[in-house]
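The values are calculated or read from the model by the stated rules, or taken from the named source; none is laboratory data. On a predicted model such as this, the values are computed, not experimentally measured, just so you know. All Cβ positions, even for glycine, are placed from backbone atoms using ideal geometry, and neighbour counts span all protein chains on display. Accessible surface is based on the protein model in full, side chains and every heavy atom, while ligands, DNA and RNA are left aside. Shrake-Rupley method; radii C 1.70, N 1.55, O 1.52, S 1.80 Å.
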Amino acid sequence: MRYVELHCKSNFSFLEGASHPDELVERAAKIGYAGLALTDRESLAGVVRGLTPARELGFTYLVGTEIHPLDAPPMVLWPTDRAAYGRLCRLISRGRQRREKGHSELHWSDIVELSEGLIAGLMPPADDARRFLGSEFCDVFDDRAYLLCEVHRGSDDDGEIQRMKRLATDCGVPLVAAGGVHYHIAERMLMHDCVTAIRRGTTISDVEQQRFANSQRHLRSLDEIAFLYRNVPDAIARTLEIAARCQFRLDDLRYEYPEEIAPPGMTPIEHLKRLTWQGAKQRWPASVPTAVIEMIRHEMSIIEDMRYEAYFLTVWDIVRFARERQILCQGRGSAANSVVCYCLGITEVDPSQTELLFERFISRE
């Protein structure tokens, strides 16, 4: 059986999750999952922590978040592409900016506005979920709308699954299995009880109503998942369907500098070279030393290979801005080993008077 866990919190869901992102990724890979989505509550803060082990293991690692709008049931959102990831970031930021640190305030209208390219899984529903599922939710997300089915060895899992199946059928929304995971192994339940008590401002013995009934919020074995959802195997298969639709990966992200960083008709590296040679002539009005010319060419080749020209232009622009307003501004540290920085006016260490090693600042290695 193949299965992707699509609803999983880490300790970056502050005082809710009880495992680190890398622990979750490594455990999911070890027990044979086909992938895992980290979906912390109204946050993407932890996703980078799981990226390195996912790369090393060749493991499918998805990005998502769990949100709790004030006027709609809670749901999990997964971006399908780079543009949708940007909208998801905007949505999270909007909610965070409305409240004090550590809290969020989102409305259904915010989700509607930024829903393009996002897949949504409605979490195990509240009393008004049937109305919401049958109208607004499907109208907005269309074929990107799903209903999450999560059972954890309760008193009547089979009955709960059948109720969820009927609800999904009545509302025309596909049912998908999920774990509502809060820690990577069952033994972390005690840690979860502890952070729950901290969140409530009380002791572990006094959170009986808030703690989970058992330790089933961990990453369960494939055999157990197959058994729990044996009457709705399509719900397991849909985890792979959603994962396949989510083409966005964190590796898709790159630094994206403003286009206006270089004059029209000129690339950033061309602009940087022009500024550097102009600066060199100002530093050495009589004649630029041959050794300095070679140093500039050497540094510029590394900058161009590493595609760091926009970074140099940004720092140059900041320094220029500061000095025009008589704000004290001086480059320091290993940047003083760069003749390019000296020609741009970022530093004041004369490279013709010292033996500089640019690779202390930037190296291909």
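Test Arg307 against the stated conditions and say whether it is at negative phi and basic (Lys, Arg). Can you show your working first?
Working: at negative phi: no; basic (Lys, Arg): yes.
When the stated conditions are applied, Arg307 does not pass them.
Only one entry of Gly121, Gly117, Gly102 meets the criterion of being among the small types (Gly, Ala, Ser), farther than 19 Å from Asp71 by Cα and in contact with a strand residue (DSSP E or B) (Cβ under 7 Å, 6 or more places away or on another chain), and that entry is Gly117.
If I go through segment 230-247 residue by residue, how many of them are within 17 Å of His7 (Cβ to Cβ), touching a Leu at 6+ places or on another chain (Cβ under 8 Å) and not small (Gly, Ala, Ser)? So the answer is 5.
Here is a list: Ala280, Ala291. Which entry is open to solvent by less than 50 Å² (accessible area, probe 1.4 Å) and touching a residue at least 24 places away in the same chain (Cβ under 8 Å)? Outline the logic, then answer.
Numbers: Ala291 fails: open to solvent by less than 50 Å² (accessible area, probe 1.4 Å).
Going through Ala280, Ala291 in turn, just one is open to solvent by less than 50 Å² (accessible area, probe 1.4 Å) and touching a residue at least 24 places away in the same chain (Cβ under 8 Å): Ala280.
Screening Arg297 on (1) farther than 28 Å from Leu356 by Cα; (2) open to solvent by 30 Å² or more (accessible area, probe 1.4 Å) shows it passes everything except condition (1).
Could you please let me know if Thr39 is more than 24 Å from Gln210 (Cβ to Cβ) and free of Cβ contacts under 8 Å to residues at least 40 places away in the same chain? Considered against the rule, which asks whether it is more than 24 Å from Gln210 (Cβ to Cβ) and free of Cβ contacts under 8 Å to residues at least 40 places away in the same chain, Thr39 comes out as no. Once segment 306-332 is narrowed to residues that are open to solvent by less than 50 Å² (accessible area, probe 1.4 Å) and in contact (Cβ under 8 Å) with a residue 24 or more places away in the chain, the residue that is farthest from His271 (Cα to Cα) is Val319.
Filtering segment 243-263 for residues that are at pLDDT 95 or above and aliphatic (A, V, I, L, M) leaves a non-empty set.
Phe12 - would you say it is among the aromatic types (Phe, Trp, Tyr), within 14 Å of the chain's Cα centre (by Cα) and under 24 Å from Gln247 (Cβ atoms)? Break it down stepwise before answering.
Working: among the aromatic types (Phe, Trp, Tyr): yes; within 14 Å of the chain's Cα centre (by Cα): yes; under 24 Å from Gln247 (Cβ atoms): yes.
Spelling it out, Phe12 is indeed among the aromatic types (Phe, Trp, Tyr), within 14 Å of the chain's Cα centre (by Cα) and under 24 Å from Gln247 (Cβ atoms).
Of the listed requirements (1) over 13 Å from the mean Cα position of the chain (by Cα); (2) open to solvent by less than 20 Å² (accessible area, probe 1.4 Å), Arg2 misses just one: (2). For segment 120-138, a residue qualifies if it is touching a helix residue (DSSP H, G or I) at 6+ places or on another chain (Cβ under 9 Å) and of a type in the set (Asp, Glu), and exactly one does: Glu136. Within segment 160-189, the set of residues being at pLDDT below 95 and more than 22 Å from Leu6 (Cβ to Cβ) comprises Asp170 only.
Thr52 satisfies every condition listed in (1) within 16 Å of Asp110 (Cα to Cα); (2) assigned to a helix (DSSP H, G or I); (3) without any contact (Cβ under 8 Å) to a residue 60 or more places away in the chain except (1).
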